[in-house]
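Trainee: Dumping the structure here so I can ask a few things about it.
Bear in mind that the values in this text are calculations on the coordinates, not laboratory data. It should be emphasised that the depicted structure is a prediction, and the values quoted were computed from it without experimental measurement. Note that we place each Cβ from the backbone using ideal geometry, even for glycine, and neighbour counts take in every protein chain shown.
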Ligand code: THU
């Protein structure tokens, strides 16, 4: 049984490894992510850019989509690392994708791992639009029509 600290170290190490796989020839901004599912498995992701710039996908979403496509739905923590000297926060699109799957912990890590910031997804995206909003309308709709 791994201790909490050991798992975080592993998660951060994985995010750092993933950063080196980033396909970022346009921005040159490499990002790595590692997502710990409640199953105990870790899913990595890196940003994957495209000549049609708008098609680029962030590291966090790659990690989440990999995990979900493997059957995971519940997550504990997501580590994200960039080449910056300060921890960088995930973009708005990734925050919206994160909250879809719950209020897990996001660990933002500086390039060398010396600086770490932690936030819950709900802190990163306050007042989020969530599946519960859709459910409310669906429930009301079934009463009205
Ligand atoms: N990027 C991420 O991978 N994650 C973020 O949270 C912010 C931005 C990527 C997208 C793009 O490939 C590059 O960083 C510059 O925006």
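Trainee: Mean-square fluctuation check for the chain, GNM, Cα pairs under 10 Å: which of 135, 38, 120 is largest?
Mentor: The residue with the greatest mean-square fluctuation here is 135.
Trainee: For the stretch 1-37 and the stretch 66-92, what is the separation of their C-alpha centers, rounded to whole Å?
Mentor: 8
Trainee: Where does the chain land at 222 nm, in deg cm²/dmol rounded to the nearest 500, when only DSSP H runs of n ≥ 4 count, each adding -39500 (n - 2.57), divided by all residues?
Mentor: Mean residue ellipticity at 222 nm (helix-derived): -11000 deg cm²/dmol.
Trainee: Arrange 82, 130 by Cβ neighbour counts within 10 Å, fewest through most, would you?
Mentor: 130, 82
Trainee: Now for a separate question. Could you tell me the largest-minus-smallest coordinate of the C-alpha atoms of the stretch 1-123 on each of the three principal axes, in descending order and whole angstroms?
Mentor: 43, 31, 25
Trainee: What number, in nm² with one decimal, is the all-direction average of the projected area of the convex hull of the alpha-carbon atoms of the stretch 1-61?
Mentor: 4.3
Trainee: Does anyone have the angle between helix 131-144 and the longest principal axis of the chain? Alpha-carbon axes, 0 to 90°, nearest 10?
Mentor: Taking Cα atoms only, the helix is inclined about 10 degrees.
Trainee: Does anyone have the angle between helix 4-19 and the longest principal axis of the chain? Alpha-carbon axes, 0 to 90°, nearest 10?
Mentor: Computed tilt is about 80 degrees.
Trainee: Which residue, 12, 116, 107, tops the fluctuation ranking in a GNM of the chain built on C-alpha contacts under 10 Å?
Mentor: 116
Trainee: Oh, and also: How high is the relative contact order of the stretch 4-144, in percent, counting Cα pairs under 8 Å that sit 6 or more residues apart?
Mentor: 18
Trainee: What's the angle, to the nearest 10 degrees (0 to 90), between helix 59-69's Cα axis and the longest principal axis of the chain?
Mentor: Taking the Cα atoms of the chain, the angle to 59-69 is about 60 degrees.
Trainee: Exposure proxy check: 55, 84, 11 ranked by fewest other beta carbons within 10 Å?
Mentor: 55, 84, 11
Trainee: Turning to a different aspect of this structure: In a GNM of the chain with a 10 Å cut-off on Cα contacts, which of 121, 97, 62 has the highest mean-square fluctuation?
Mentor: 97
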